[in-house]
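The values are calculated or read from the model by the stated rules, or taken from the named source; none is laboratory data. What you see is a predicted model; the values in this text were computed from it and never measured. Ideal geometry is used to build each Cβ from the backbone, glycine not excepted, and the neighbour counts take in all protein chains shown. These accessible areas exclude ligands, DNA and RNA; they are computed on the full protein's heavy atoms, side chains included. Shrake-Rupley method; radii C 1.70, N 1.55, O 1.52, S 1.80 Å.
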Amino acid sequence: MSRSPAHPRSVAPSTLSRVTVNAGLLLACAYFLFPIWWLVVASTKSRGDLYTTPSLWFSDDIAALDNLRRVMEYDGGNYLRWIGNSLLYSGTAAVIGVLVSMAAGYALAKFDFAGKSLVMVTILGGLLLPSALLTIPLYFFFDSVGLVNNPLAVIIPSCASPFGVFLGLIFAETVPDEVIEAARIDGAGEFRIFFTIVLRMLAPGMVTIALFLFVGTWNNFLLPLVMLRDKELLPVTLGLQTWQGYKAVDLTDLVLIGSLVAVLPVIVLFLTLQRFWQSGLTAGAVKG
Amino acid sequence: MAATSTAAPPGADLGARTRRRTTHTLTAWLFLAPFAVVFTVSFLGPIIASVWNSLFTVQRSATGLEPARRVFAGVDNYAEVLGSEVFWQGIGRVLLFGVFQIPLMIVGALVLALMIDSLSARFVALSRIVYFLPFAIPGVIAAIVWAYLYSPSLSPLSTALEAVGLDRGLFLEQNVLLLSMANITTWTFTGYNMLIFLSALKTVPSDLYEAARIDGASAWSIVWHIKVPLVRNALLLTVLLSIIGTIQLFSEPFVLRKVANVSADYTPMMMAYNAACGNNDFGAAGAISVVLAVIAGLLAFGYSRVQARFSR
C-alpha cells in the first residue's frame, strides 16, 4: 500500500544514488581495512622480504610461523609474559569492575537514599572528566602510597568506571520493581536478591560492561606507561612500543607479528560479541 | 510489613516507614561502597593530590650537598606554566589539530551513517563491522602500524607518493605531521561515532519516512529535514567527547617520536608526562594537569552553550 504506484520514483532509489552510496561504502571499507591488511601481509614475511617484496601482497616465502616463534623467544620470552600481563590486568579489571559497576548501578536505579543526587552528579562529572588528564595526578597519588610499579596501580583505576556504573544503572532500571518486592516479601535478604535475582536477570548487561572494561584496559597505554617500570610487568601494548623504539636493533618484523597477535583477542571479542557492543553504545548515546 | 501496620496504632506507621527508608539508605550505600572506594582512590585522591602538588616546588640546594627540600610555592607553578612558550605552542598544536580533525571525522561519520541508513545501501552489515573494527584495536598499536605506513623504507604509501612525484617521507615532514596524526585518530574513531549516529537514526519510526516519501519528499530533503535534526543530540555528544579527547592527545605523537622529529613537549599532555616521569617535577606536572582540565571544561562548556543557542 505504501509503495503506491503514483510515486514510484520517490520510493525506489535511483541508479545514480545506488551507485554513489555503494561506491562510497566500499571506498570507506578499503580505507579502514588497509592498515589491517598491510599488517597481516607484512607479518607473514621474513625480514628480508619485508623490505624487498611488494608490500601489499604475500611473498613466495611465508615466514609467519618462523616470525611467531622468534617473537615468543626474543628477549627471554618477554612477549608471552606481556600477553599474560595484559590478560591478567584486563581480566581482573573486567570481573571486579563489572560487579562494582552493577552494584552501584543497582543502588542508583532501585533505591531512594540520602546523598543519591550527589552520587549522580559525581558520576556524570566522572563521565566527562578526561581520563588521560587524571593519569598524571594518579601517578602522584600512587607514588605517595607506594603503589608505583605494582600491577594494582593499573588494575584499581581500571575497575573504577563511571561509564560502567552508568550502564549498570540503565540495565538495572529494566528489572521490574515487583520482582524485587516479591522476593523481599518472601524474606530474601537484600544481598541475596542482588546476587541471585538481579545479576541473573542482567547477565547480558554484565557481558556488555565487562567487554567495555576488558577492551578499555587492554587498550590503555598511558596508565601502564606512567605506573610500571619493570619490563616483566608491562602489558603487551607498552612492551611492543618499547620494541618499536629500539635504535640498536631493527625489530620491525617482531613488532609487526607481535602487534597482529596482540590485536587478535580484541578482534575476536569484537566479532563474537557484536550485539553487546551495540547495546552499550546505544545506551550511552541515547541517555548521553 | 502488612501485619505490623494493621496491628500498630496510626502514629507507628510513620515510624515504620522512616525506619524502612533508613535501612534502605544503609543498604544502598553498602551496594555503592565498592565503587565509592575505587572511585575515591582513582578520581578524588588524584585530583586532590594534583592540586596539592601544584602548590609546592622542590628546591635543590645550590651545592647539591644538602637533600632537596619541598617548599610551598603558592601559584608559582601556575605562573610558570601559563608563562611558558612551550605550553602555549602545545595548546596551539592541539587546537589546530582539533579544528580540522573533529569536523572531518564527525562529518565523515555522519555521512557514513546516513549512507548505511539509506535505501540504496547494499553492504550494510559488512560496512558496519569494518568501520567499527579500528575502535577495537589498541590506540598505540594503531599508531605503531601507521608509523610504519608513514616510514619511507617499508610503506606502500611511500611507493605511491614516489609514483606521483612526491617525497617518500612526506607524511613525516614537519608541516604534514599534524595531518598524519589526525589521520590516525580519524581512522580509529570514525566508526565509533558512526555507530552512535546510526543508533540515533534507528530510533526514528520508519513510517515517518514512508509518509514523507508518499508526500513526495526527495531523498535529500528527508536527509536534511528529518534525519540530520534527529541526530542533533548525538552530534553534541560526539563533538564533546572529541574535544575532550583532543585536549589529551598523547599516544599518536608519542609513538611518532620514534620515527619523526617530534619534541618531548609536543602536546600539553606530553609535557605533563615529561614533567612527572622524566624530570620528577610534580609541581609543574600538577599545574599542567589542572590547567588542562580547566581548559577542557571551558571548551566543552562553551561548545554546549553555542550548540544550545543554535538549536533553538
Checklist outcome for this item: Taking region A:184-201 and keeping residues open to solvent by 10 Å² or more (accessible area, probe 1.4 Å) and either touching a residue at least 60 places away in the same chain (Cβ under 8 Å) or in a helix (DSSP H, G or I) (or both) leaves A:R184, A:I185, A:E190, A:F191, A:R192, A:F195, A:T196, A:I197, A:L199, A:R200, A:M201
Next on the checklist: Can you find a residue that is in contact (Cβ under 8 Å) with a residue 60 or more places away in the chain and over 27 Å from A:L128 (Cα atoms) anywhere in region B:200-217?
Outcome noted: no
Checklist entry - Any chance region A:238-247 includes a residue that's over 20 Å from A:G91 (Cα atoms), open to solvent by 40 Å² or more (accessible area, probe 1.4 Å), more than 7 Å from chain B (Cβ to nearest Cβ) and in a helix (DSSP H, G or I)? => result yes
Checklist entry - Taking the condition more than 30 Å from A:L225 (Cα to Cα), within 8 Å of chain A (Cβ to nearest Cβ) and of a type outside the set (A, V, I, L, M), does B:S120 pass? => result yes
Checklist entry - Condition test on B:R70, is it open to solvent by 80 Å² or more (accessible area, probe 1.4 Å) and either assigned to a loop (DSSP other than H, G, I, E, B) or acidic (D, E) (or both)? => result no
Checklist entry - Based on what the data block shows, is A:L129 open to solvent by less than 70 Å² (accessible area, probe 1.4 Å), in contact with a helix residue (DSSP H, G or I) (Cβ under 8 Å, 6 or more places away or on another chain) and within 8 Å of another protein chain (Cβ to nearest Cβ)? => result yes
Next on the checklist: Can you list the helices (runs of 4 or more DSSP H) lying wholly within region B:111-188 that have 2 or more residues being modelled with pLDDT of 90 or more and either more than 24 Å from the chain's Cα centre (by Cα) or surrounded by 22 or more Cβ atoms within 10 Å (Cβ to Cβ) (or both)?
Outcome noted: B:124-136, B:139-150
Next on the checklist: Please go through region A:37-59 and give me each residue that is farther than 12 Å from B:P156 by Cβ, more than 7 Å from chain B (Cβ to nearest Cβ) and not small (G, A, S), ordered by number.
Outcome noted: A:V40, A:T44, A:K45, A:R47, A:D49, A:T52, A:F58
Checklist entry - Can we say B:V107 is modelled with pLDDT of 95 or more and either under 25 Å from A:L260 (Cβ atoms) or open to solvent by 30 Å² or more (accessible area, probe 1.4 Å) (or both)? => result yes
Item to check | Among residues of region B:248-283, those that are open to solvent by 20 Å² or more (accessible area, probe 1.4 Å), among the hydrophobic types (A, V, I, L, M, F, W, C) and part of a helix (DSSP H, G or I), counted | outcome: 4
